[in-house]
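Report on the structure given below.
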Amino acid sequence: ILPAANASEYIVGEGDVLIVSVYENPDLSTKVRVAANNTIRVPLLGEIDIKGLTVSKVSSKIESLFADGYLVNPQVDVFIEEHRSKKAIILGQIISPGQYELRGKITFLEFVSKAGGLKTDAGNVATIKRKSEGENKQITIDLDLLIKTGDTSLNIPVQDGDTIYISKARMYYVSGEVEKPDSYKYESDLTVIKAITKAGGFSDIAAKSKVKIIREIDGKEHTLERVAMDQPILPDDIIVVPESFF
């Protein structure tokens, strides 16, 4: 049974097992599994359509139906005894990729946390493939905006059947006379000086005015010589800081 706070907002669906408890009328209380057409059968009332209703709305609907000529001031409680399997899949740059059950409402970030969190080389894009009303939809989430900027409008609920893919980060490379030559995770608004700062700054013998970028353009390698410090960096760029001979 779900915690009370989430339970009333849970949308009931096919395969869920409900306990319908009618106060002071145990003969009307029942345990029922939601049918494929999103209906349940309740004593006296017969088949009731509950498509898209939360647990609290199912209670209210049964109460109003009983009040219509059957019972005076009926009180009905509905509990979920057993959940159907609502699942979503998360793949890509995540600590523990796989399929996870959804219990109640769960946001994108809660689901990422459930799967162990993002890997260090996760990119800044998450893609959600979703079936909605028979159509395949693709939703893109900018992880930089969501996590770094705190744009909570992107923290959308995960739905049954979603497949989430966390992209791998694009990289750039800094080589030569810097303190920490290495590959680094690409971020937007990156410039030569920011990239060199990430790599620990220039070494004592760096030729600061002769920095070059090796960049692939249309499948061919090009070398940009003596680049400005505010020159934008692109993914897969190699920044080369030569040694000064003076």
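Using packing as a proxy for protection, rank 25-35, 176-186 so that the peptide with the highest average count of other Cβ atoms within 10 Å comes first.
Values: 25-35: 14.5, 176-186: 16.4.
Peptide ranking by packing, descending: 176-186, 25-35.
Between rounded, prolate and oblate, where does the chain land on the alpha carbon gyration tensor, with a ≥ b ≥ c its root eigenvalues, rounded for a/c under 1.5, else prolate if a/b exceeds b/c? Numbers along the way, then the final one.
Values: a/c = 4.70, a/b = 4.00, b/c = 1.18.
Prolate, because a/c is 1.5 or more and a/b exceeds b/c.
Over what distance in Å are the Cα centres of the stretch 135-213 and the stretch 43-87 separated?
Distance between centres, Cα-based: 50 Å.
Excluding residues on the same chain fewer than 8 positions from LYS131, give the aspartates and glutamates whose Cα lies under 16 Å from its Cα.
ASP160, ASP162
What does the charge dipole of the stretch 37-170 about its Cα centre add up to, to the nearest 20 debye, if the Cβ of each Lys and Arg holds +1 and the Cβ of each Asp and Glu holds -1?
Working: 18 positive and 17 negative charges, 106 e Å.
It works out to roughly 520 debye.
For the chain, give the share of DSSP beta bridges that are antiparallel, in percent and rounded to the nearest 5; count only bridges with both residues there. Could you put the intermediate results ahead of the total?
Numbers: 49 of 57 bridges.
Looking only at bridges with both residues in the chain, the antiparallel portion is about 85 percent.
What dipole magnitude, in Debye to the nearest 20, does the stretch 66-131 give about its Cα centre under +1 on Lys/Arg Cβ and -1 on Asp/Glu Cβ? Spell out each step's value before the answer.
Working: 10 positive and 7 negative charges, 95 e Å.
Around 460 debye, computed over the stretch 66-131.
Using 7 Å Cα-to-Cβ label points, what is the ASN73/ILE205 separation (nm, one decimal)?
9.3
Take the solvent-accessible surface of the protein heavy atoms, probe 1.4 Å, and return the percent of it on the chain that carbon and sulfur atoms account for.
Values: 7060 of 14340 Å².
Here carbon and sulfur together make up 49 percent of the probe-accessible area.
For the stretch 179-195, just list the computed ³J(HN,Hα) in residue order, Karplus coefficients 6.51, -1.76 and 1.60, θ = phi - 60°, integers in Hz, with x standing in for Gly and Pro.
5, 10, x, 5, 8, 9, 6, 6, 10, 5, 6, 8, 10, 4, 5, 5, 5
Of VAL55, GLY116, SER183, which is farthest towards the positive pole of the stretch 52-186's charge dipole, taken about the Cα centre with +1 and -1 on the beta-carbons of Lys, Arg and Asp, Glu respectively?
Value computed over the given set: SER183.
Name the residue farthest towards the positive end of the dipole of the stretch 89-157 from the options GLN93, GLY104, THR149, assuming +1 on Cβ of Lys and Arg, -1 on Cβ of Asp and Glu, about the Cα centre.
GLY104
Please list, ordered by chain and number, the residues whose modelled amide H lies under 5 Å from the amide H of SER29; skip anything fewer than 5 residues away on the same chain.
Long-range HN contacts for SER29: VAL22.
Taking amide H positions as placed 1.01 Å from N in the peptide plane, with prolines and chain starts having none, which residues 5 or more places from GLY92, or on another chain, fall under 5 Å of its amide H?
Excluding prolines and chain starts, which carry no amide H, the hits are ILE166.
So between LEU91 and LYS31, what do we pick up on full extension, going 0.36 nm a residue minus the alpha carbon distance? Spell out each step's value before the answer.
Values: separation 60, 0.36 × 60 = 21.60 nm, distance 3.72 nm.
Stretched out fully, the LEU91 to LYS31 stretch lengthens by 17.9 nm.
What residues from the stretch 176-207 fall in the zone where the backbone N is under 18 Å from a label point 7 Å along the Cα-to-C-beta line of LEU224?
Residues 176, 184-199 qualify, since their backbone N sits under 18 Å from the label point.
Roughly how many Å² is the accessible area per residue of the chain, as a whole number, for a 1.4 Å probe? Working shown, then result.
On the way: 14340 Å² over 246 residues.
Using a 1.4 Å probe on heavy atoms only, each residue of the chain averages 58 Å².
Nothing charged except the Cβ atoms of Lys and Arg (+1) and of Asp and Glu (-1): what's the magnitude of the dipole of the chain about its Cα centre? Round to the nearest 20 debye. Mind showing how you got there, number by number?
Values: 30 positive and 36 negative charges, 74 e Å.
Taking the Cα centre of the chain as origin, the dipole is about 360 debye.
Going 7 Å from the Cα of SER167 toward and past its Cβ, which residues in the stretch 96-114 have a backbone nitrogen under 15 Å from where you end up?
Counting backbone N atoms under 15 Å from the label point, the list is empty.
The values are calculated or read from the model by the stated rules, or taken from the named source; none is laboratory data. All figures in this text were calculated on a predicted structure; none of them were measured in a lab. Reconstructed Cβ throughout: ideal geometry from the backbone, glycine too, with neighbour counts over all protein chains shown. Just the protein is used for accessible areas: all its heavy atoms, side chains included, with ligands, DNA and RNA removed. Shrake-Rupley method; radii C 1.70, N 1.55, O 1.52, S 1.80 Å.
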